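What follows is a short report on a single structure.
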Amino acid sequence: MTTPQTPPPPFVPASTPAPTPAPAACPICSSPAGRVVWRCAAWRVVHADSSAEEHFPAFYRLISNAHYTEWSDLPEPLRQEGMAIVTRIELLMRQHFEPHKMNLATLGNVVPHVHWHIIARYVWDTHFPAPVWAAPQRPADAAKVAALRALLPAFEAALPQALQPWADQS
């Protein structure tokens, strides 16, 4: 005969850490970390436009304006807000860019500052199906990259309206 077991109590962290002072070397604290396309008090959305992302024109980041190192360091309301914004951006990117697949990532191994990578991926892109940070698997298709790049202005024009619910809340 088995004895019923009492479920463990829910996990409750002792406290939510406050933002940590930004280290002098944090590139996300010391620069916009891309071309800013939307901003509110707690977050900014940037287009990842460095040479490392040149073959991925539909590559955006959602960045915490305050320096937090881990996602779980954010206060619960900011985590919920951040996920809602990531979801809204992903949906809008799917509508405008019609990707084969969307990639969402928060790593922070190189830059330990909370930020999400939101990337539209295509079977023709230089790295697909591998991550954008892996070795390229084929040469870039300049015509397809240019065609995708031509869609960015319409997406970026629609972004403020899509993110309006968070414009003045943070």
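The values are calculated or read from the model by the stated rules, or taken from the named source; none is laboratory data. From a predicted model like this one, the values you see are computed outputs, not experimental measurements. With ideal geometry, Cβ positions are generated from the backbone for all residues, glycine too; neighbour counts draw on all protein chains shown. These accessible areas exclude ligands, DNA and RNA; they are computed on the full protein's heavy atoms, side chains included. Shrake-Rupley method; radii C 1.70, N 1.55, O 1.52, S 1.80 Å.
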### Task
Report in % the part of the accessible area of the chain that belongs to carbon and sulfur, leaving out ligands and nucleic acids; probe 1.4 Å.
60
### Query
Given Cα pairs under 8 Å that are at least 6 residues apart, what percent is the relative contact order of the chain?
24
### Message
Given points 7 Å out from each Cα along the Cα-Cβ axis, report the Asn65 to Arg94 separation in nanometres with one decimal.
### Response
2.9
### Message
Compute, for the chain, the length of the dipole vector about the Cα centre, with Cβ point charges of +1 (Lys, Arg) and -1 (Asp, Glu) only. Units Debye, rounded to 20.
### Response
220
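Mind running the shape call on the range 52-94? Use the C-alpha gyration tensor, a ≥ b ≥ c as the square roots of the eigenvalues: rounded below 1.5 for a/c, prolate if a/b tops b/c, oblate otherwise. Could the numbers behind the result be given before it?
Details: a/c = 3.68, a/b = 1.57, b/c = 2.35.
Verdict is oblate for the range 52-94.
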### Task
Give me the accessible area per residue for the chain, probe 1.4 Å, as a whole number in Å².
56
#### Entry: Structure-derived log10 I(q)/I(0) by the Debye sum over Cα atoms at q = 0.12, 0.16, 0.17 Å⁻¹: which label, when the choices are (i) -0.73, -0.99, -1.05; (ii) -0.49, -0.93, -1.07; (iii) -0.60, -0.96, -1.06
(iii)
### Query
Under unit Cβ charges (Lys, Arg +1; Asp, Glu -1), what dipole magnitude, rounded to 20 debye, does the range 74-139 have relative to its Cα centre?
160
#### Entry: Karplus-derived 3J(HN,Hα), 6.51/-1.76/1.60, for each residue of the range 43-57, Hz, glycine and proline x
9, 9, 10, 10, 8, 7, 10, 7, 4, 5, 10, 4, 8, 10, x
### Task
Convert each backbone phi in the range 103-112 into a coupling constant with the Karplus relation 6.51 cos²θ - 1.76 cosθ + 1.60 (shift: θ = phi - 60°), then list the ³J(HN,Hα) values in order as whole Hz, x for Gly and Pro.
10, 10, 8, 9, 10, x, 6, 8, 10, x
## Note on the structure
To the nearest 0.05, the calculated FRET efficiency linking Arg79 and Gln161 through their beta-carbon distance, R0 being 35 Å, is 0.90
### Task
With a ≥ b ≥ c taken as the square roots of the eigenvalues of the C-alpha gyration tensor of the range 61-159, please select rounded if a/c is under 1.5 and otherwise prolate if a/b is larger than b/c or oblate if it is not?
oblate
### Message
At 18 angstrom or more along the helix axis (alpha-carbon based) and mean Kyte-Doolittle of -0.5 or higher, what helices does the chain contain? Whole DSSP H runs only.
### Response
76-97
### Task
Find how many whole Å separate the alpha carbon centroid of the range 52-94 from the alpha carbon centroid of the range 25-51.
11
### Task
Determine the shape class of the range 65-116: with a ≥ b ≥ c the square roots of the Cα gyration tensor eigenvalues, call it rounded for a/c under 1.5, and otherwise prolate if a/b is greater than b/c, oblate otherwise.
oblate
